[in-house]
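Asker: Just dropping this structure here.
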Amino acid sequence: MWRVGTVVALHDETATARTITFEVPDWPGHFGGQHVDVRVTAPDGYSTVRSYSIASAPSSDGRVELTVERLPSGEVSPYLTQELALGDRLELRGPIGGWFVWRTQQTEPIQLIAGGSGIVPLMSMIRTRASTGSAARFQLLYSVREPGAVFYRDELQALSDKDRSLIVTYVYTRVAPANSPRPPGRIDADLIANTTWPSKLAPTCYVCGPTPFVESVAGFLTASGNGPNKIRTERFGPTGDRK
Amino acid sequence: MSSNSYDYVDGNAAAGDLSKIFAVDVTAAEGQCANCGTIKRFAEAHLYMQSPGIVARCPVCEHVLLRLVNVRQRVLLDLRGMTYLSLDAA
C-alpha cells in the first residue's frame, strides 16, 4: 500500500547527506530500524523505487524522517538530496521489515555498529530509546571516513551527555580529529574487543553499513564470543540507492 | 558464485516486494534451506538485486531460496529452495 508523504522539512547533515521530513497523514507508526520504499515518478511516467532507512523515532504527529546519502552515480539519491523541495509529494510504502528492529521490550544491552550512512536505522533505535525512556544500555561504535562525514553529531553528543547508559565511540578511517584517541584506521578485532559490550553480557548487536564492512564486523563480533543469533545485520550494496 | 563477492544485500531488502504478496512480514520468518537444512530468518539471506528480479540465496551454502520476478502485470514467485517458512501469525 502506497501512501503520499509531503515534504515538510529539509536539513543537510553533511555535504552529501540530507534529512527529509515527510508528513504522512495515515502513517501507522514504526519501530527503530525499519525502512520505507520511496517511489519517484518522472513527468513521462517512468517510475522507480528505492529503499531508505527511517531515521526518526515513531511519533504521533505522522512525521517520518529519512536521511539520504547522495551517490554520485545514483538515479534517485541526487534528486532526493538536491532537487526535492518543501511541499513536494512522494509515494511511500512502509514501514517495512520486522527483523532489523529494536523493540522497547528489549532490556538486554544493545551494541550498535555503523559504517558511514549505516548510522541511519541505528539512530532511529537511539531516538526511540530516548523518546520512550527505555533504560536499556546502548553502545554505538560509529565508523566514518572523516569528521565532516558524521551524521547527527550534536544530537548524539547531547544524548550521551545526559545519559550515561548511552556510550558513543567514533572510529575515523581516513582523517581523525586532533583529539581522537586513536589514529585513522578501520575497525579491527582489538577495537571490537575493547569498545563493545563483553559477549558475556549477551548483547544484541545491530550492524549496518556497506556489505564488506558488515562482513568484517560480524566476523570480529563472532570471534569475540558473540553468538551468530545475537548479531543482526543490514547490508547495503552497490546496486541501489539504499540509505 | 564466489563467496568473496559483495554484490548482495540482506533479505531485509526484499521486504517491500514481498509485502505486495504476503499479508505478514516474511523477512522476520524462519525458513529452512532445502539444500543444506540451515534454518535462518529470511532477513539473513543473501539477496541479489542486479537481475531482472530478485534472487535470495542461503547465507551458508548459497543455494537459491527464492526468486521473484515482475513481468508486466504479473509477479512470478519461485519458493522451491525453502522446505518451509515459519511465520509469526500474531
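Asker: Would you order A:Thr6, A:Thr19 from fewest to most other beta-carbon atoms within 10 Å of each residue's own beta-carbon?
Answerer: Listed from fewest to most nearby Cβ atoms, that is A:Thr6, A:Thr19.
Asker: Restricting the count to DSSP beta bridges whose residues both fall in the protein assembly as shown, what percent are antiparallel, rounded to a multiple of 5?
Answerer: So the antiparallel bridges in the protein assembly as shown amount to around 70 percent.
Asker: A further question follows. When only Cα pairs under 8 Å and 6 or more residues apart are kept, what is the percent relative contact order across chain A?
Answerer: The normalised contact order for chain A reaches 20 percent.
Asker: What does the structure give for A:90-98 when I average, per residue, the other chain Cβ atoms found within 10 Å of the residue Cβ?
Answerer: Per-residue shielding by partner chains comes out at 5.
Asker: Next up: Just for the Cα atoms in region B:9-86, what are the lengths along the principal axes, largest first, rounded to whole Å?
Answerer: Sorted from largest, the Cα extents of region B:9-86 read 34, 25, 21 Å.
Asker: Kirkwood Rh and Cα-based Rg: tell me the resulting Rg over Rh for chain A, rounded to two decimals.
Answerer: 0.96
Asker: For region A:11-97, state which chymotrypsin sites (Phe, Trp or Tyr not before Pro) are in a DSSP loop and have at most 11 other beta carbons lying within 10 Å of their beta carbon.
Answerer: Filter output for region A:11-97: A:Tyr46.
Asker: Still on this structure, I have one more. State, to one decimal in nm, how far the label point of A:Glu155 lies from the label point of A:Arg63, with both points 7 Å from Cα in the Cβ direction.
Answerer: It is 1.0 nm.
Asker: What distance in nm lies between label points placed 7 Å from Cα along the C-beta direction at B:Arg80 and A:Thr48?
Answerer: With each label placed 7 Å out from Cα toward Cβ, I get 3.3 nm.
Asker: Where does region A:37-141 land on Rg(C-alpha)/(2.2 N^0.38 Å)?
Answerer: My calculation over the Cα atoms of region A:37-141 gives 1.22.
Asker: Between 0 and 90 degrees, rounded to the nearest ten: what's the tilt of helix A:119-132 against the longest Cα principal axis of chain A?
Answerer: For helix A:119-132, the angle is close to 80 degrees.
Asker: Separate question: Would you calculate the convex hull of the Cα atoms in region A:14-82 and tell me its volume per residue in Å³?
Answerer: Measuring per residue, one finds 103 Å³ for the Cα hull of region A:14-82.
Asker: Classify region A:132-243 as rounded, prolate or oblate from the Cα gyration tensor: take a ≥ b ≥ c as the square roots of its eigenvalues, call it rounded if a/c is under 1.5, otherwise prolate when a/b beats b/c and oblate if not.
Answerer: The shape class here is rounded.
Asker: Going by how many other beta carbons lie within 10 Å of each one, how would you line up A:Ser180, A:Ser124, fewest first?
Answerer: Ordered from fewest to most neighbouring Cβ atoms within 10 Å, A:Ser180, A:Ser124 come out as A:Ser180, A:Ser124.
Asker: Using Cα centres only, tell me the gap between region A:77-143 and region B:11-81 in whole Å.
Answerer: 24
Asker: Still on this structure, I have one more. Output needed: Cys residues of the protein assembly as shown lacking any neighbouring Cys C-beta below 4.7 Å, sorted by number.
Answerer: A:Cys205, A:Cys208
Just so you know, all these numbers are worked out from the coordinates, no wet-lab data involved. Computed from a predicted model, the values in this text were never measured in an experiment. Please note: Cβ atoms are built from the backbone with ideal geometry, for glycine as well, and neighbour counts cover all protein chains shown.
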